Amino acid sequence: MRRKLGLIVACCLALIPLVTAAGDVQITAGQPVTVSLTSPSVSYTLTTTTGINTLSVSGNTMTLTLDAGDSVIVQQANGYDIQNDISAQTTCSGTTSSITFTATAVITSSTTKVCTSSGGGGGSPPSDTSIIINGGAAETTTRSVTLTLSAGNATEMKISNLSDFSDRSFEAYATSKSWTLTAGNEVKRVYVIYRSSAGDESPSISDTITLAVSESTPAPSGTTPSAPGGGGGGGGGSSVGQPSVYVPAPIVPPAVTTTDQSAVAGQTSSTDPKTGAVVYFFDPSNPTTLLAGLGAANDDATEQKYRPLILADGKEFGVTLSALMTDDATTYVSYGIDGSTKALGAGERRAALRDYLETTGFSAIKWGDVARMAAGMKPVDRNLSKEQAQVTQALKTFESIYGHRPNFQNAEEDLAWNTLMYRIRFQRDLDKERAGIVKFKKIFGRNPVTPFQWSTVRVLGYVKK
């Protein structure tokens with residue numbers, strides 16, 4: 001994933017492996033960036049899989065501005081304390097200090113050494129670390145949850161509802177633990193650090209879940225209440241606050257022409273229980289039937305090319321794909337699963353799968369929803385916490401396009417909102433896409449670059465009348 005970081009450089013800034021002048025820099029997922037601060041002189045290595053909003057460097061401080069869902073790992077090779085203004089705790093892996101930031105922070109240069117070798121060398125920090133709340137569920141109606149924990153070479157762990165772990169100490173490593181979330185209906189984040197017997201610590205990682213103790217959350221002033229299970233905002237241009245619990249928009253039949261759906265021998269079907277709309281697709285777990293139905297020939301070279309990329313995509317978005325699910329995803333990217341996805345091409349199918357993994361976070365891919373999202377329709381299985389994380393960005397963009405907050409009872413506005421939320425695609429029309437790009441540049445004053453910005457182009461080209 002590539003994302004621009006606006007750099008405001010007031011001192012020395014070195015980029016590894018690239019050396020570039022100050023200004024906007026393209027950061028590739030997993031590519032390290034080295035930043036040098038002065039007074040005292042200390043260098044830090046930054047790695048991000050999501051990108052961040054901005055990075056500013058001035059003398060002995062570095063400011064990381066993160067949007068919701070952003071994450072960046074900051075490491076210091078000399079084991080110096082990574083001093084910051086949000087009290088995030090420095091962890092150690094041998095002589096390397098590290099913090100994973102998920103919120104905006106200011107780092108101040110420091111030569112206070114907090115990480116030393118574990119003695120005699122050979123220490124190995126915990127690897128392949130993970131934490132999953134309630135089996136990956138998007139929402140819980142109770143504060144009591146179960147954490148599924150995993151880390152290679154770990155003997156201890158420290159878990160907290162706070163990013164600085166100030167309320168917790170290390171305990172014996174376990175693969176499962178009962179946990180209590182903090183009070184209040186909102187997205188909750190639980191953090192964990194693992195430690196090996198040699199004293200090497202993993203970087204802090206976390207998982208989120210939305211706490212919704214009561215389903216009867218009042219609509220905020222100025223919004224239009226929706227039916228049960230419905231909308232998270234109203235129209236009419238009112239300036240209102242966000243509800244304490246974001247509720248997804250009600251299902252409204254789309255007001256645009258979507259790809260025609262009709263059954264073909266060997267296809268399976270998926271029905272939207274609220275609208276009755278049916279999509280037909282070939283199950284990628286049965287590639288023989290899929291290839292015959294799509295009239296495609298087996299392409300080992302394409303499969304071998306995309307399989308490792310799909311695994312990397314899942315890792316980038318924190319989605320663990322099983323071997324069988326990876327096989328199915330490779331089949332989908334290589335060939336498609338229906339007429340709409342076959343027409344996209346392998347590169348675009350991979351981009352669509354990336355959008356699905358990023359916006360839903362589901363490791364058990366719902367292929368009916370993948371087919372829907374390629375044919376101008378909303379997914380049936382949705383991730384509340386993922387939607388909530390995008391609300392601010394989507395709302396600002398929607399208001400820039402329509403001039404008011406979304407009215408989810410309006411079919412066009414409902415589809416526009418969900419196109420932003422889930423990166424919905426439509427049957428390709430280059431004239432509409434060119435028109436969408438022109439409108440995007442007129443409204444936002446720049447070319448579309450990110451997947452979210454391209455979903456905005458699709459709103460302007462395909463959805464907005």
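The values are calculated or read from the model by the stated rules, or taken from the named source; none is laboratory data. In this text the structure is predicted, and so the values were computed from the model without any measurement. Positions of Cβ are generated from backbone atoms using ideal geometry, with glycine treated the same way; all protein chains shown enter the neighbour counts.
Structure values in brief
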| item | result |
| --- | --- |
| Any hit, the stretch 398-406, residues being farther than 25 Å from Gln427 by Cβ, touching a Ser or Thr at 6+ places or on another chain (Cβ under 8 Å) and surrounded by 17 or more Cβ atoms within 10 Å (Cβ to Cβ) | yes |
| Hits in the stretch 167-191 (condition: assigned to a loop (DSSP other than H, G, I, E, B) and farther than 21 Å from Pro126 by Cα) | Asp167, Leu181, Thr182, Ala183, Gly184, Asn185, Glu186 |
| Conditions (1) assigned by TED's automatic domain parsing to the domain that holds Glu156; (2) more than 21 Å from Thr208 (Cβ to Cβ); (3) not basic (Lys, Arg): number failed by Tyr80 | (1) |
| The stretch 340-391, residues that are over 18 Å from Phe282 (Cβ atoms), hydroxyl-bearing (Ser, Thr, Tyr) and crowded, with 19+ Cβ neighbours inside 10 Å | Thr359, Thr360, Ser385 |
| Scope the stretch 371-393; condition of a type in the set (A, V, I, L, M) and at pLDDT 85 or above; matching residues | Ala371, Met373, Ala374, Ala375, Met377, Val380, Val391 |
| Answer residue from the stretch 139-165, given it is part of a loop (DSSP other than H, G, I, E, B) and among the β-branched types (Val, Ile, Thr) and is nearest to Ala88 (Cα to Cα) among those | Thr155 |
| Number of positions in the stretch 316-328 that are assigned to a helix (DSSP H, G or I) and exposed (fewer than 14 other Cβ atoms within 10 Å of the Cβ) | 2 |
| Checklist (1) in a loop (DSSP other than H, G, I, E, B); (2) in contact with a Phe, Trp or Tyr (Cβ under 9 Å, 6 or more places away or on another chain); (3) of a type in the set (Val, Ile, Thr) applied to Val333, failing item | (1) |
